[in-house]
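Read through the structure below, which is laid out as structure tokens, and then see the notes.
The values are calculated or read from the model by the stated rules, or taken from the named source; none is laboratory data. Computed from a predicted structure; not experimentally measured. Cβ placement follows ideal geometry from the backbone for every residue including glycine, while neighbour counts extend to all protein chains displayed.
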There are 2 protein chains.
Amino acid sequence: MGVDASHFSGSRALITGGLGFIGSNLAHTLLKLGAKVTLIDSLIPEYGGNSFNVDGFADQLNINISDVRDVHSMQHLVSSADYLFNLAGQTSHMDSMEDPFTDLDINCTAQLSILETCRTHNPKIRIVFASTRQIYGKPDYLPVDEEHLVRPVDVNGINKAAGEWYHILYNNVYDIHSCALRLTNTYGPRMRVKDARQTFVGLWIRQILEQQPIQVWGGEQLRDFNYVDDVIDALLRVAADNNSGGQIYNLGGDQIVTLRELAETLVTIEGGGSYEVKEFPEERKKIDIGDYYSDWKKINKDTGWQPRISLAKGLEQTLSYYKNNLSQYI
Amino acid sequence: MGVDASHFSGSRALITGGLGFIGSNLAHTLLKLGAKVTLIDSLIPEYGGNSFNVDGFADQLNINISDVRDVHSMQHLVSSADYLFNLAGQTSHMDSMEDPFTDLDINCTAQLSILETCRTHNPKIRIVFASTRQIYGKPDYLPVDEEHLVRPVDVNGINKAAGEWYHILYNNVYDIHSCALRLTNTYGPRMRVKDARQTFVGLWIRQILEQQPIQVWGGEQLRDFNYVDDVIDALLRVAADNNSGGQIYNLGGDQIVTLRELAETLVTIEGGGSYEVKEFPEERKKIDIGDYYSDWKKINKDTGWQPRISLAKGLEQTLSYYKNNLSQYI
């Protein structure tokens, strides 16, 4: 990690979605940096929260099982934090289309409520919001930088965009230090592998370990990927940066591969297994975004961040984790 | 009007926010074109609805007093409409900052609910959504075209942007013909003049007629304006256009003036009165967008629309209307 540990040593960090994939990995790192860490998670079964994610270090954490939509518990927890890593969210495309109102509740109403709580109870807090490259929709050009139009292709993208803007607005109008990272495809230990709700890479890992063919939809689409440790590094860098308030940063990978190549890489690393390429169903074609990869020069310039873990190494570590722990995730 | 009346003759048009400024003017025109018109309005005192707006033609309308947040009344009304002019909204910057959740309810939740109702009960409906140039925030360049980044500077702008995108999404994913107009400053008879909640021009009209000095904040900011009849013409053109589904169009004026010049023009037309230029308070400076005017070439190219009523003529007609009717609006 490139972050000066002194920024976080003794500090009080609050992580929403803290039992989830990124949240639990972040908690692990923050503990090592000497922070006092509180996690909030609703453990809604369809989301990414999993108590096993903090196995081995749960006793060093303050774990608060509650929903970010619960105004009163949030008020209490926000009041005593120096940093808020705001990672809770509904991330499934399909769920957002089938139940748009729950997506709106979690990704908009709850976010606004968290920010109002910060404004009224703890305006000195520093917030990092986990946004997503999905809000760009189908790219006009590649790589996609932060000046690209936001043009979401699903309800989830629209609501995430609004959630992100609330954070930037509260920074600009109320001086609550707040910034947003637009994450690309993130993978690694502790991700959801039960299904593709969080990332299709999770489902692929499960398929290969269960000796099922990996299901590749389309196959020729280009994508970039970040191993979770690189994302944690970025979260900590922008949280520690006095100049990050109001900024929006893309993350991105330095290897651009097709989905078919990713499946091949997984099969190679595993030393076995197979994949099947399938045609997109008509319904999905309407929201297919084609190729996507990010321009992440802005965060590199401002904070020095760059992805450090290669796709091959990251996938190897991920496979290794799930070989030992798959039963905890399915 | 440049729209072929046959598009609307005998058709059933539903207007949300129908007792408001633009809605009531649109209703008047649609009646003349032979449409059967239903208005929905909640008559919330802080918004633009005013029963006097349909004085003289109320008996030709079906007026339904209800809130677009009321799912059951909306289901009933949406089911039997050919066109939905979706104009209901919370428009006040200040109200959105003081009560962001009500703004979210009306500008996001209710819009999503209306679209879900169309999807499940009447997917053949054609929708025009009234969006706003406020979602662009502080322009990077002038004139602002539809390719400009959306970067709202208040809660209202964020929620209006989400509401707009829901409409485009439901067009693209569910084939519900839906498009959006990003309105610039609209003025004319039937606008709210009680305060600046809808448009500052309304408050200025009231001030000059009540022989108070017009209060000009800043003064050198450039703006463009549309007389309401030009906006009605645009709403009808895009509603009638088979190719408008999924499109977002700017409206804009062809005279670009500073706020000071606008105040001077009003004083000249009125033949009396005065204005005072005031410094922006610190709080407002944070969300000051500087100069703004629109590029409206896209709608001109696609539908032939252009503004036809000059600022001088539009202001004259507006002043004349409020001289006769001010007491109904304060």
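When you check B:D41 against the structure, is it among the acidic types (D, E) and touching a residue at least 24 places away in the same chain (Cβ under 8 Å), yes or no?
Against the criterion (among the acidic types (D, E) and touching a residue at least 24 places away in the same chain (Cβ under 8 Å)), B:D41 qualifies.
Sort through A:N243, A:N250 and tell me the only one that's closer than 24 Å to A:N25 by Cα and of a type in the set (S, T, N, Q).
One residue alone meets the criteria, A:N250.
The rows are residues; the columns are (1) farther than 30 Å from A:N159 by Cβ; (2) of a type in the set (F, W, Y); (3) surrounded by fewer than 22 Cβ atoms within 10 Å (Cβ to Cβ); (4) more than 15 Å from the chain's Cα centre (by Cα).
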site	(1), (2), (3), (4)
B:I15	no, no, no, no
B:L31	yes, no, yes, yes
B:D59	yes, no, yes, yes
B:R69	no, no, yes, yes
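Test each condition in (1) surrounded by 22 or more Cβ atoms within 10 Å (Cβ to Cβ); (2) without any contact (Cβ under 8 Å) to a residue 60 or more places away in the chain; (3) away from chain A (no Cβ under 14 Å) for B:G89 and report the one that comes out false.
Result: B:G89 fails condition (2) only.
Is it true that A:G20 is surrounded by 23 or more Cβ atoms within 10 Å (Cβ to Cβ) and farther than 17 Å from A:A234 by Cα?
yes
Scan B:E220, B:E264 and give me the residue that is surrounded by fewer than 18 Cβ atoms within 10 Å (Cβ to Cβ), touching a Ser or Thr at 6+ places or on another chain (Cβ under 6 Å) and not in a strand (DSSP E or B).
Sole residue among the options that is surrounded by fewer than 18 Cβ atoms within 10 Å (Cβ to Cβ), touching a Ser or Thr at 6+ places or on another chain (Cβ under 6 Å) and not in a strand (DSSP E or B): B:E220.
B:G245 fails exactly one of the following numbered conditions: (1) of a type outside the set (S, T, Y); (2) closer than 30 Å to B:I125 by Cβ; (3) within 18 Å of the chain's Cα centre (by Cα). What is the number of that condition?
(3)
Residue under question is B:D59, and the condition is that it be of a type in the set (D, E, K, R), farther than 27 Å from B:E116 by Cα and modelled with pLDDT of 95 or more; does it hold?
So B:D59 passes the test.
Listed here are the residues, each with its yes/no results for (1) modelled with pLDDT under 95; (2) under 14 Å from the mean Cα position of the chain (by Cα); (3) away from chain A (no Cβ under 13 Å).
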{"site": "B:I135", "(1), (2), (3)": "no, yes, no"}
{"site": "B:V155", "(1), (2), (3)": "no, no, no"}
{"site": "B:N159", "(1), (2), (3)": "no, no, no"}
{"site": "B:E164", "(1), (2), (3)": "no, yes, no"}
{"site": "B:C179", "(1), (2), (3)": "no, no, yes"}
{"site": "B:L183", "(1), (2), (3)": "no, yes, yes"}
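Quick one: A:S11 ticks every box in (1) more than 14 Å from the chain's Cα centre (by Cα); (2) in contact (Cβ under 8 Å) with a residue 60 or more places away in the chain; (3) at positive phi except a single one, so which number is it?
Exception for A:S11: condition (3).
Going by what's in this entry, would A:G252 be described as out of contact with any Ser or Thr (no Cβ under 6 Å at 6 or more places or on another chain) and either farther than 30 Å from A:N172 by Cβ or not in a helix (DSSP H, G or I) (or both)?
Spelling it out, it is not the case that A:G252 is out of contact with any Ser or Thr (no Cβ under 6 Å at 6 or more places or on another chain) and either farther than 30 Å from A:N172 by Cβ or not in a helix (DSSP H, G or I) (or both).
Considering only residues that are more than 8 Å from chain B (Cβ to nearest Cβ), within 23 Å of B:A180 (Cβ to Cβ) and either in contact (Cβ under 8 Å) with a residue 60 or more places away in the chain or within 16 Å of the chain's Cα centre (by Cα) (or both), which ones fall in the range A:137-153?
Hits for the range A:137-153 are A:G137, A:K138, A:P139.
It is to be established whether one or more residues within the range A:110-117 are buried (at least 23 other Cβ atoms within 10 Å of the Cβ), among the β-branched types (V, I, T) and either within 13 Å of chain B (Cβ to nearest Cβ) or under 30 Å from B:D140 (Cα atoms) (or both).
yes
So which residues in the range B:118-133 are out of contact with any Lys or Arg (no Cβ under 6 Å at 6 or more places or on another chain) and more than 14 Å from every other protein chain (Cβ to nearest Cβ)?
Listed by number, the residues that qualify are B:H121, B:N122, B:P123, B:K124, B:I125, B:R126, B:I127, B:V128, B:A130.
Tell me which residues, restricted to the range B:277-298, are modelled with pLDDT of 90 or more, surrounded by 13 or more Cβ atoms within 10 Å (Cβ to Cβ) and not β-branched (V, I, T).
Once the filter is applied, which keeps residues that are modelled with pLDDT of 90 or more, surrounded by 13 or more Cβ atoms within 10 Å (Cβ to Cβ) and not β-branched (V, I, T), the range B:277-298 yields B:D291, B:Y292, B:Y293, B:S294, B:D295, B:W296, B:K297, B:K298.
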